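Asks: Here you go, one structure.
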Ligand code: C5P
């Protein structure tokens, strides 16, 4: 199955009792690496609060079509088009009827009319409503328009009746989305079939003593999304990952490491490859000596820690005399003079492309689901618009494929 890492899901929640399962669904989507934006109908707010969903999704929850600020911030058309998936869960008989007939009298139904994606519905309703002629017609119309209907399951309903109508479980919905992604991926071209790729991602963790370490705020999301996109494009992909909270992307072999020295050794072990992408935020320094026991607080005050330089993995691979990958891509996290600093880094490290991102505090790149990057090579710099990390990954992989085709 393909991975949801870096994908964005617009989740429309309509007003059924199954809405109580939506916090769990949001949690599971995020666990798989997806970014979730939620739209609630007025009825859904009776079952689940915008505040709960905003804190679980980490994003603003939308519920008012006519809010001027939302319209300025992000119009409803944009909201429905910027997502990779539009998922309606639970999908009541009412929202299914509105969508099947093109009604648009609130934000949720307007989005379903405006989207250019083929929505996925997880219906939840009373068994008689599900088996009603009108619902059968409406579901058939949605299917005919390309929608996917996941479920419903048989079971005892909240109202006490038995039969089809229960929303399928959050995990089954997430699996359903991943299956759809796989089907899409296998239907499209695989321009990197036959290529090998090595990717680094996440932070490194440099021990000071058995319980303390130096690390950084890298979430690994961008690197994981790149590995997922490389694999989806057909490359045999090895991801050398520092400690992160992400599931391995489908089709990618993940090697987990802690320190920069281990990361370099595993990268060297994974080569040769055609492509090397260094997305890891490798710690620049490590403690010169690591205490065998936990350092105790004492009368002498805080200890000083002597640091030594870590190996530069990107520069080491870029400057390999024999067996250098054909395309080496580095990252530059900068807080000022983005392009100029990225160009200087390209020369210093000897790589072919730099993905430069502005990690100034206001941009929330670290840990966030979106990224705004500039792509720098020896001749050129192009700024890409802010988009989901999955989209940045796909665009980067398309660029890698076209470069490889011409060198
Ligand atoms: O020098 P700086 O850390 O800014 O360079 C960033 C780029 O170099 C990233 O691609 C990062 O993965 C890579 N890097 C590395 N090994 C290091 C330091 C950085 O591979 N020790």
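Asks: Specify the angular offset, from 0 to 90 degrees and rounded to the nearest 10, of the alpha carbon long axis of helix 260-270 from the longest principal axis of the alpha carbons in the chain.
Replies: 80 degrees
Asks: What number results when the radius of gyration of segment 8-185, computed over Cα atoms, is divided by 2.2 N^0.38 Å?
Replies: 0.95
Asks: Can you list the residues of segment 307-338 with backbone N under 15 Å from a point 7 Å past the Cα of residue 216, pointing along Cα to Cβ?
Replies: 309-315, 330-336
Asks: Semi-axes of the equivalent ellipsoid of segment 196-406: what are they in whole Å, largest first, if each equals the square root of 5 times a C-alpha gyration tensor eigenvalue?
Replies: Its equivalent ellipsoid spans semi-axes of 30, 19, 17 Å.
Asks: As a test of the formula, what do you get for the chain when each DSSP H run with n ≥ 4 contributes -39,500 (n - 2.57) and the sum is divided by the residue count, at 222 nm and rounded to the nearest 500 deg cm²/dmol?
Replies: Details: 14 runs with 141 residues, N = 407.
The helix-only estimate for the chain comes to -10000 deg cm²/dmol at 222 nm.
Asks: Here's another thing I want to ask about it. Can you tell me the order of 122-133, 212-223, 338-349 when each peptide is scored by its average per-residue count of other Cβ atoms within 10 angstrom, highest first?
Replies: Highest-to-lowest ranking by the protection proxy: 212-223, 122-133, 338-349.
Asks: Rg to Rh ratio, segment 156-311, alpha-carbon atoms and Kirkwood radius?
Replies: Computed over Cα atoms, the ratio is 1.18.
Asks: Which residue, 224, 121, 62, tops the fluctuation ranking in a GNM of the chain built on C-alpha contacts under 10 Å?
Replies: 62
Asks: Treating each Cα of the chain as an identical point scatterer and ignoring solvent, apply the Debye formula and state log10 I(q)/I(0) at q = 0.13 Å⁻¹.
Replies: The Debye formula, applied to the Cα set alone, gives -1.08.
Asks: How large is the Kirkwood hydrodynamic radius of segment 27-66, in angstrom, based on all distinct alpha carbon pairs?
Replies: Roughly 10.6 Å, rounded to one decimal.
Asks: Out of 328, 308, 257, any idea which swings most in a Gaussian network model of the chain, alpha carbons joined below 10 Å?
Replies: Of the options given, 308 has the highest mean-square fluctuation.
Asks: When only Cα pairs under 8 Å and 6 or more residues apart are kept, what is the percent relative contact order across segment 196-406?
Replies: After rounding, I find 21 percent.
Asks: Stretched out fully, how many nm does the piece from residue 383 to residue 45 gain, at 0.36 nm a residue minus the Cα gap? Numbers along the way, then the final one.
Replies: Numbers: separation 338, 0.36 × 338 = 121.68 nm, distance 3.99 nm.
The span from residue 383 to residue 45 would gain 117.7 nm if fully extended.
Asks: Can you tell me what share of the DSSP beta bridges in segment 196-406 is antiparallel? A percent to the nearest 5 is fine.
Replies: Here the antiparallel bridges make up roughly 35 percent for segment 196-406.
Asks: Right, another one. Work out Dmax and Rg for segment 1-43 from the C-alpha atoms and quote the Rg first, both in angstrom.
Replies: Cα-based Rg and Dmax for segment 1-43 come out at 11.2, 35 Å.
Asks: Moving on to the next point. Tell me, what is the percent relative contact order of segment 316-395, built from C-alpha pairs under 8 Å that lie six or more residues apart?
Replies: So the answer I get is 24 percent.
Asks: Top mean-square fluctuation among 261, 329, 392, Gaussian network model of the chain, C-alpha springs under 10 Å?
Replies: 261
Asks: Let me ask something else about it. Using a Förster distance of 30 Å, how high is the FRET efficiency between residue 256 and residue 319, based on the Cβ-Cβ distance and rounded to 0.05?
Replies: The pair residue 256/residue 319 has a calculated efficiency of 0.70.
Bear in mind that the values in this text are calculations on the coordinates, not laboratory data. Being a predicted model, the structure only gives us computed values, none of them experimental. Here the Cβ is made from the backbone with ideal geometry for all residues, glycine too, and neighbour counts use every protein chain on show.
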